[in-house]
Amino acid sequence: MARIEAASAVFEDFERFFEHIAQFDAGSAPARIEEIMQAVQVLSTSPLIGRPVQGDKRELVIGRGSRGYVALYRYVSEIDTVFLLAVRSQRESGCKHEA
């Protein structure tokens, strides 16, 4: 089972989502963040499930439409660890913090 490590930039992404969601439905913001975190947990058992992108990075698509997100990550098999680098809304053009 792979370990999942989140970069500090991911917490900035969640803060941005929280503020945006809270503008429209403050009560649903914590649950939406929790849904994203639960979806990312699939990487602990299937770290290569995401689509390959630039270099050795991968993207995990979470949900769809206005509730859709994309998690950018890198899996290092030698240490069986997933490094979560950034999360963005599917409607955003790219990750803010690409490491």
Among the residues of the stretch 1-24, the number that are within 27 Å of residue 48 (Cα to Cα) and open to solvent by less than 70 Å² (accessible area, probe 1.4 Å) is 9
Among residues of the stretch 62-83 being β-branched (Val, Ile, Thr) and over 11 Å from the mean Cα position of the chain (by Cα), the residue most open to solvent (accessible area, probe 1.4 Å) is 79
Reported set for the stretch 1-27 where residues are small (Gly, Ala, Ser) and touching a helix residue (DSSP H, G or I) at 6+ places or on another chain (Cβ under 6 Å) is 2, 22
Scanning the stretch 40-89 for residues that are modelled with pLDDT under 95 and of a type in the set (Ser, Thr, Tyr) gives 66, 69, 89
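The values are calculated or read from the model by the stated rules, or taken from the named source; none is laboratory data. Computed from a predicted model, the values in this text were never measured in an experiment. Ideal geometry is used to build each Cβ from the backbone, glycine not excepted, and the neighbour counts take in all protein chains shown. Areas reflect the complete protein model, heavy atoms only, side chains present, ligands, DNA and RNA absent. Shrake-Rupley method; radii C 1.70, N 1.55, O 1.52, S 1.80 Å.
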